[in-house]
């Protein structure tokens with residue numbers, strides 16, 4: 001298995017993987033990203049990074065990640081936003097390979113941790129993450145503010 005970083009020319013492929021993941025998660029209607037927006041955010045502003053897993057030169061999986069920060073650790077961490085392997089390539093070690101590479105990147109960059117979310121119903125992924133030694137967070141609830149509610153709050157100030 002080979003791993004490579006995405007380049008600007010991969011923008012359409014990145015969007016393809018995002019849409020495949022959204023379909024798997026039954027969230028296709030929530031994808032509003034465009035190639036233009038991804039090029040701006042990923043390659044011009046460098047707000048996130050993407051790596052691909054390859055089999056015989058073909059991209060079969062991807063991971064999109066960015067830095068966050070832990071005030072308790074006093075260090076940056078890596079946050080994995082998306083991990084997806086095409087269905088016909090699952091069970092061959094590509095997901096594990098992507099996570100191993102992310103762990104290597106985190107260690108090389110002196111990050112304090114690697115974190116991600118997983119949907120509660122996604123038992124195959126939960127089992128996979130547990131098999132690698134990942135620990136689910138207890139006593140935490142994820143909160144989100146987006147769209148119109150985000151704008152409304154911002155307009156209050």
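Side notes on the structure shown:
- Within a Gaussian network of the chain (alpha carbon springs, distance under 10 Å), most fluctuating of 147, 112, 91: 147
- Take the Cβ atoms of residue 54 and residue 140, set R0 to 41 Å, and the FRET efficiency comes out at 0.75.
- Estimated FRET transfer efficiency when R0 is 25 angstrom, pair residue 8-residue 110 (beta carbons, to 0.05): 0.35
- Residue with peak Gaussian network fluctuation, the chain [Cα springs, cutoff 10 Å], from 77, 57, 97: 57
- Alpha carbon centroid spacing (whole Å) that separates the range 116-157 from the range 51-79: 16 Å
- Placing a label point 7 Å from the Cα of residue 71 along the Cα-to-Cβ line, the residues of the range 134-157 whose backbone N sits under 19 Å from it are 140-145.
- Sorted by Cβ density within 10 Å, fewest first, the residues 60, 107: 107, 60
- Label of the coordinate-derived value, Kirkwood radius over Cα pairs in Å, listed as (1) 15.9; (2) 17.1; (3) 18.0: (2)
- Gap separating the Cα centres of the range 86-111 and the range 35-49, nearest whole Å: 21 Å
- Between 63, 146, 23, the Gaussian network model of the chain with springs among Cα atoms under 10 angstrom shows the greatest mean-square fluctuation at 146.
Throughout, read-outs are computed from the coordinates displayed, never taken from laboratory work. Note that the structure is a prediction, hence the values are computed from the model and not measured. Because the Cβ atoms are built from the backbone with ideal geometry, glycine has one as well, and the counts that use them run over all protein chains shown.
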